[in-house]
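Step one of this worksheet: look at the structure below.
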Amino acid sequence: MNEDLFFKDLDAHRWDLTVFDEESVEKQPVLRVGLVATFYLVDAYLPVRRKHIAEAFELYCNHYGDKLTWGYMGSEEVITQEFCPSTMRHCLSYIQSDGYSDSASFMWSSQQGFEHPGEYMFEALLPVEWFERIHNALSVIRFYLPLEEIKDNGAGGIDKLIFDMCNILRPLHGSAGLGIQNSYELQNYQHIEYDLLENYRGLDLTLLIANESWRTGYTNLNWYTYIAHHWVRKLGTTEDLLKQLDDVRIGILPYEWGTIFRAGDWPALGKADIDPRPELYVMVNEVIKPLRVSNIGSLHYGSIAGEVRFNERTSNLWMRRFDLPKGSPKHQPTPLYRRLSAEEQQRLNTDNKILDDFLK
């Protein structure tokens, strides 16, 4: 997959990936596919962790703050307001409130109102200390970007953003890539989400409210999957991972607090009737799935009027969508993309130098 093929594939399915409410006169999407990044955090009530979340929000604003127009702050009482530089400063102060006595939540979007998702959005749900301790709750940070950001800034720009965010936020786990951008009216469109995820296996569905079992393993594998270092150590060293994922198209990006796995230079749609198990997603999945949560719970509420939505069984089947069937042979590295050893690289450099000297 290269840039041209990615955007050609995207354009071919673009109208399947944006959903409008037929009864609405506003003609705004109620659900769309875009870039979605989610970070699940523990102990985010600590002052230093609240400070990190403020830094992450400020980083997002440095890149995309001019796109944000509206949102809210508040957990007990939600206060909606326009977004401007003074609002941003107020929010940075609000984020760093006392997590031992106060929960915090906020959302800033490029779209006015709760009925439609913004192409640009940053939101957080930060439980108070006692609630996390008693209920094993996780703090969740999530942001949206339009797919055009990959085209405008290249995959390398997304690489750096995800790397910087992981360094700041220190997530227990999380993912980023093609995902469903939904509004606060998401319950109305869960049956459409289900249909989209069945037809495009490379899409992700992330939730702002995490299940307590998500402390025991990662839940989402996407273009980028990031996992804390104390879990990744169970898989071996970075050198061990490079041997297991012997394909130069797969990025293994260690940082101080964990490891980021990138399944290719470009994300995959994974159209169910063409490419239901994208090769690089499957390769990453086979290596890291021992760290996966055993039961993700239910991602939807189940069917309420005959329409199909996720329940616990189908949610767990969806989470395992990149698993190979039992008895399948282990994936063998493709010689064309095999990683070169240090000795092989040195020999190649020597041969190239000899050739360059000969051609002078």
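The values are calculated or read from the model by the stated rules, or taken from the named source; none is laboratory data. Please read these numbers as outputs of a predicted model, since none were measured by experiment. Positions of Cβ are generated from backbone atoms using ideal geometry, with glycine treated the same way; all protein chains shown enter the neighbour counts.
If you check ALA228 against the conditions, is it modelled with pLDDT of 95 or more, among the small types (Gly, Ala, Ser) and buried (at least 16 other Cβ atoms within 10 Å of the Cβ)? So ALA228 fits the description; yes.
Would region 8-25 turn up any residue that is crowded, with 18+ Cβ neighbours inside 10 Å and of a type in the set (Gly, Ala, Ser)? No, every residue in region 8-25 fails to be crowded, with 18+ Cβ neighbours inside 10 Å and of a type in the set (Gly, Ala, Ser).
The residue list ALA37, ALA54 contains one member that is surrounded by fewer than 19 Cβ atoms within 10 Å (Cβ to Cβ) and among the small types (Gly, Ala, Ser), which is ALA54. Residue pairs whose Cβ atoms lie under 7 Å apart, separated by 6 or more positions or on different chains, with the first residue in region 1-22 and more than 16 Å from GLY270 (Cβ to Cβ) and the second in a loop (DSSP other than H, G, I, E, B) and modelled with pLDDT under 85, are PHE20/LYS27. One residue alone among PHE143, PHE131, PHE163 is touching a residue at least 12 places away in the same chain (Cβ under 8 Å) and more than 17 Å from the chain's Cα centre (by Cα), and that residue is PHE131. From the list ALA155, ALA137, the lone residue that is surrounded by fewer than 20 Cβ atoms within 10 Å (Cβ to Cβ), more than 16 Å from ARG32 (Cβ to Cβ), in contact (Cβ under 8 Å) with a residue 40 or more places away in the chain and not β-branched (Val, Ile, Thr) is ALA155. PHE131 meets each of the listed conditions (1) of a type in the set (Phe, Trp, Tyr); (2) within 26 Å of SER175 (Cβ to Cβ); (3) crowded, with 17+ Cβ neighbours inside 10 Å apart from (3). Of the strands (runs of 3 or more DSSP E) lying entirely inside region 36-128, the ones with 1 or more residues being touching a residue at least 12 places away in the same chain (Cβ under 8 Å) and aliphatic (A, V, I, L, M) are found at 70-73, 104-109, 121-126.
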